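What follows is one structure encoded as structure tokens, with my remarks underneath.
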Amino acid sequence: MGASCSSGTPAEASAPTSGMYKLEIELKRGHNLAIRDRGGSSDPYVKFKLAGKEVFRSKIIHKNLNPVWDEKTTLVVDSLSEPLYVKVFDYDFGLQDDFMGSAFLYLESLEQQRS
């Protein structure tokens, strides 16, 4: 999965990993995604999971290997120790959706108060 993401330096070791945090997610685009449909394309969407629970799902972009979502969501997170799991799927009507790729984002590694 081609994705652009930046993270700063880790917080100091003494920083707490529990509390209340606001995590702003901006899902921009995918680049050269895998072909999962017979027509040589895919219908991609993205799921975000935290602690095994789905916290956000993007819209489906039909027949596109370079989708542009430009979607934003804000989550309230009470612990930075659980990674954010990002999974990309190809939507298939009436069938099980095809897995396309995934990544973990380790929240502890993000610099607070930064984009």
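The values are calculated or read from the model by the stated rules, or taken from the named source; none is laboratory data. Only a predicted model underlies this, so the values are computations on that prediction, with no experimental measurement involved. Glycine gets a Cβ as well: all are built from the backbone with ideal geometry, and neighbour counts include every protein chain shown. Each accessible area value is taken on the protein alone, full model and side chains, heavy atoms only, with ligands, DNA and RNA left out. Shrake-Rupley method; radii C 1.70, N 1.55, O 1.52, S 1.80 Å.
At-a-glance table
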{"quantity": "Leu110 being at pLDDT below 95 and open to solvent by less than 100 Å² (accessible area, probe 1.4 Å)", "calculated": "yes"}
{"quantity": "Subset of the stretch 96-107 [out of contact with any Phe, Trp or Tyr (no Cβ under 8 Å at 6 or more places or on another chain) and open to solvent by 90 Å² or more (accessible area, probe 1.4 Å)]", "calculated": "Gln96, Tyr106"}
{"quantity": "Test: residue in the stretch 82-94 that is open to solvent by 60 Å² or more (accessible area, probe 1.4 Å), in contact with a Lys or Arg (Cβ under 9 Å, 6 or more places away or on another chain) and not aromatic (Phe, Trp, Tyr)", "calculated": "no"}
{"quantity": "Single unsatisfied condition, Gly40 versus (1) in contact (Cβ under 8 Å) with a residue 12 or more places away in the chain; (2) assigned to a loop (DSSP other than H, G, I, E, B)", "calculated": "(1)"}
{"quantity": "Conditions (1) open to solvent by 30 Å² or more (accessible area, probe 1.4 Å); (2) in contact with a Leu (Cβ under 9 Å, 6 or more places away or on another chain): number failed by Glu54", "calculated": "(2)"}
